[in-house]
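The values are calculated or read from the model by the stated rules, or taken from the named source; none is laboratory data. Not measured: the values here are computed from a predicted model. So basically every Cβ, Gly included, is an ideal-geometry build from the backbone, and we count neighbours across all protein chains shown. To get the accessible areas, we keep the full protein, side chains included, count just its heavy atoms, and leave off ligands, DNA and RNA. Shrake-Rupley method; radii C 1.70, N 1.55, O 1.52, S 1.80 Å.
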Amino acid sequence: MSKRGSSIKSIHMISESTIFDDMCERYNVIAEQTNLIIFDMNFEDDKLYVSDNFMELTGISVCNKKNILKTLLEIKYIHPNDISHFKDFVRAYNPKQASASITFRRKNEKGEFAWIRCKKKCYFDAEGRLTRVLGTAQDVSKEMVANTLKGIEFYRGIVLPSFNRFETRTNRIRANFPDKKFAVIVLDIKRFSVINDLYGNKEGDGVLKYIGSILSSNKSSCYAYCRFYADNFAVFTEYRNDSELYDFASVLKQRMKKYPLKMEISFSIGVCRVDNADISMSALCERANLTKKSIKHDAMKTLAFYEDSLRRRTLEDSDIENEMTSALTNHQFEMYLQPKMSIPTTEVVGAEALVRWNHPEKGIISPERFINLFEKNGFIVKLDYYIWERAFLTIAGWIKENYPVIPISVNVSRIHFGNSDFVEKLIQLSERYHVPPTYIELEITESAFFDYKEDLQIKLYTLKDKGFKLSLDDFGTGYSTLNCLKDIPLDILKMDRAFLAGTGENRKEETVLEYTIALAKSLGIEVVAEGVENFNQAEFLYRSGCEIAQGHFYSPPLPVVMFEKYAGLT
C-alpha cells in the first residue's frame, strides 16, 4: 500500500459509477469464496475499495473511511522485528518491479499479533506516476504456528530452522555421540546495517538467504544450524582440533565472495567448545554470542573462542552498570589533573582533567576499566558533563583566590556531537561559573570527526567563536588525520604516545614525528606530546620543535589538591 494513498481526499465505498459497482461485486464474490481480503486504491479517481471482511483482520472499521489508510500504515501496530521489512513493502512502487509481497505480524483488535500475508501490484501511467494499487491480504497465523511446531521459522520472509528445532536436534546428537568433540558457533555479518543502508533491505535479505544456503549445505549427521536471533546464526558442529574451526570461518568467507555484492562481506564469529555435557544448548549459544560481540568492532579479528575470563568480565561489567548512577550521585567519581609541562622551563602550563572512580569498597578504579563500557551504554555523556563542571568549578576557585589560572583540557566523547544541546551546555557552564572559555580546552578524538563530520564542524566553529580552545587528541591513531587538520579549527594537536615508541631506536619513526610537528607548527597549531616516559624522549621532542609534554616522566594524574601544590599554586 503506497504512501500516495495520503493524497486521497475522500474515500467512497460505493460509487455511482456502474463500472465501479460491477468491480466491487466481483471483489465481494472472490472475498467470500477465498477468505481473502481485497483492497483496491485508485489514485486517479480518489476511490478506495476494501472487502467486507477487512475489519476482522485489521480491527479498523470500514465506517471510519478517512482513517483507514492512516491506521493501516501506523508502525505502532507492527511487530518490532518486522517494521523495517514492512516499511520497504509500503515504499515499493517501482514500474520495473510492480509486484511485491510480505509476511509480517500486526496487532489485531484484541491486542495480539497476527501473521498477515499481503500481496500487491502497482499500476502506473505513461509518465511513470502511480495510479492504482490492487492487492490481497490474509491471516496466516495458523500456518505460521504449524511451521514453528515443525521447526521452521520466518525472518524477514526467509525460511530458516528455528532454535527449538536446533536445540532438539543438538541434544539428540550430544546424547548419541558422548565421546565426540563439539563446538557451538554464533556468527553475524560485520556492519550488516551498511549493506541495508547502501543496497536496501531486499539485498540484505538476499545475503541472509545466501548464508542460510551455505550453512544448510552441510549434511553431516553431527551438524545443525538455525537462526539464533535477528541476523545471527547458530551452528553446532563436530571438530577434532581448533584448526578445523578456523577452516569453517575461512570456507564461509570464501564462499561468500561468490555473492554478487560490490563490497567485501566479513563475519564476527564466536566459538564455544562443548566441554561440559551439563551445560544447556541455550547457555552454550549465549557464551558463543558473548564471544562474538567481544570482537564485533575489531576489524582485525574474525573469530574468537569463549574463555571463562570473558564471562567474568561480563559479570563485572554488569556490576559496574548497576552502580554507576549511584556512584555519580554520591560523588565517587573524582577529577584528577595531569600536568602539562613546558619542556625547556619545566613549568606547569596546563592540565588534563582525567576521571578516577573512588569506590568505597574497591578503592580507586582505573578509567580503563569503565570508560569503554560507558561509551557503549551512553553513560559517558553524564560522566563527561560531571567532569566538565568540576573543571569549571576548579578554575572558578583559582580565580576567586587570585591564583595564577592554569588552563584545563577536558575530554569530549564523540557521542556528544550527536546531541543538540552539547554546545549550549558548555556555554552555560562558562556563564554560570564566570570562567572565560579561553581557560577550557576541549579534547576531541579523530573518531568523532569520522562519525559526525558535518555536525562536528558546525559545533566546533561555534565553540571556537565563543573562545574555547580546540584540541585533537590521540593524533596518529586514525586513518584520515590530515583531513582533520584541514577541516577542523584546531588550536592544539596532541601527539599520541605511540609516536614516541621508536624514538632513539628507529630513525624512520623519528623522521615521521619531526615532520608531523613541523606540519602542525606551519599551520599555526600548537603541539603537545603525550606519554613522555623519560628524559631522552623529552629532549628529542624539544629538538624536534615540540615544547609541551605530559607523561609520567613529569607527573602522573593527581588529585586537585596535590596538583595545586605541584604547580606551586598553594
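Go ahead and run the numbers for FRET between Tyr246 and Asn372, Cβ-Cβ distance against an R0 of 30 Å, rounding to 0.05.
Step by step, r from the Cβ atoms, then E = 0.65.
Give the shape of the range 323-567 as rounded, prolate or oblate, defined through the alpha-carbon gyration tensor: a ≥ b ≥ c are the square roots of its eigenvalues, a/c under 1.5 means rounded, and otherwise the shape is prolate if a/b is larger than b/c and oblate if not.
It comes out rounded by the Cα gyration axes.
Can you give me the long-range amide H partners of Phe228? Hydrogens built in the peptide plane at 1.01 Å from N, cutoff under 5 Å, separation of 5 or more residues or another chain.
Phe233, Ala234
For Met341, enumerate residues with amide H under 5 Å from its amide H, sequence gap 5+ or separate chain, H modeled in the peptide plane.
Here Val349, Ala549, Gln550 satisfy the definition.
Residue by residue through the range 370-387, what is 3J(HN,Hα) from phi via Karplus (6.51 cos²θ - 1.76 cosθ + 1.60, θ = phi - 60°)? Round to whole Hz and write x for glycine and proline.
Result, rounded to whole Hz: 10, 4, 4, 5, 5, 4, 6, 8, x, 5, 4, 4, 5, 5, 4, 4, 4, 5.
Would you mind getting the accessible area per residue of the range 323-567, heavy atoms of the protein chains only, 1.4 Å probe, in Å²?
Accessible surface, normalised per residue, equals 48 Å².
Pull up the cross-link candidates among the aspartates and glutamates for Lys209, meaning alpha carbon to alpha carbon under 16 Å and not fewer than 8 places away within one chain.
Within the straight-line cut-off, Lys209 pairs with Glu153, Asp188, Asp231.
Pull up all non-local amide H partners of Lys47: gap of 5 or more, or a different chain, and H-to-H distance under 5 Å with H placed in the peptide plane.
Under 5 Å from the amide H of Lys47 lie the amide H atoms of Asn42, each far enough along the sequence or on another chain.
Can you give the extra length, in nm with one decimal, that the chain gains between Ser84 and Glu203 once fully stretched, where that is 0.36 nm per residue apart less the Cα-Cα distance?
Full extension from Ser84 to Glu203 adds 41.5 nm.
If we sort 117-126, 227-236 on the protection proxy, mean other Cβ atoms within 10 Å, highest first, what's the order?
227-236, 117-126
For Lys110, which aspartates and glutamates qualify as cross-link partners when the Cα separation must be under 18 Å and same-chain residues fewer than eight apart are set aside?
Glu56, Glu74, Asp139
Here are some pairs, Lys382/Lys494; Lys425/Lys494; Lys87/Lys202; Lys202/Lys258; Lys400/Lys565; which of them have Cα atoms lying more than 20 Å apart in this structure?
Lys382/Lys494; Lys425/Lys494
Each residue of the range 338-343 in order: what ³J(HN,Hα) in whole Hz does its phi give by Karplus 6.51 cos²θ - 1.76 cosθ + 1.60, θ = phi - 60°, with x for Gly and Pro?
With the stated coefficients, the range 338-343 comes to 9, x, 9, 10, 6, 4 Hz.
Mind checking the dipole of the range 323-567: about its Cα centre, +1 per Lys or Arg Cβ, -1 per Asp or Glu Cβ, Debye to the nearest 20?
Result for the range 323-567 is approximately 220 debye, rounded to the nearest 20.
On the protein heavy atoms, probe 1.4 angstrom, tell me the percent of accessible surface of the range 230-377 carried by carbon and sulfur.
About 47 percent, which is the carbon plus sulfur part of the accessible surface.
Hey, what do the phi angles of the range 416-431 turn into as Karplus ³J(HN,Hα) couplings, whole Hz, using 6.51/-1.76/1.60 and θ = phi - 60°, x for Gly and Pro?
With coefficients 6.51, -1.76 and 1.60, one gets 4, 6, x, 9, 5, 9, 4, 5, 4, 4, 5, 5, 5, 5, 4, 6 Hz.
Quote the FRET efficiency, to the nearest 0.05, computed for Lys301 versus Tyr433 with a Förster distance R0 of 45 Å and r equal to the Cβ-Cβ distance.
The formula returns an efficiency of 0.50 here.
How far apart, in nm, are the 7 Å Cα→Cβ label points at Lys508 and Glu424?
5.1 nm
Might you tell me the accessible area per residue for the range 151-306, computed with a 1.4 Å probe and given in Å²?
Heavy-atom accessible area per residue stands at 49 Å².
Holding the Cα-Cα limit at 32 Å, pick out from Lys121/Lys142; Lys142/Lys292; Lys257/Lys293; Lys190/Lys464 the pairs that are longer than that.
Cα-Cα > 32 Å for Lys142/Lys292; Lys190/Lys464; rest within.
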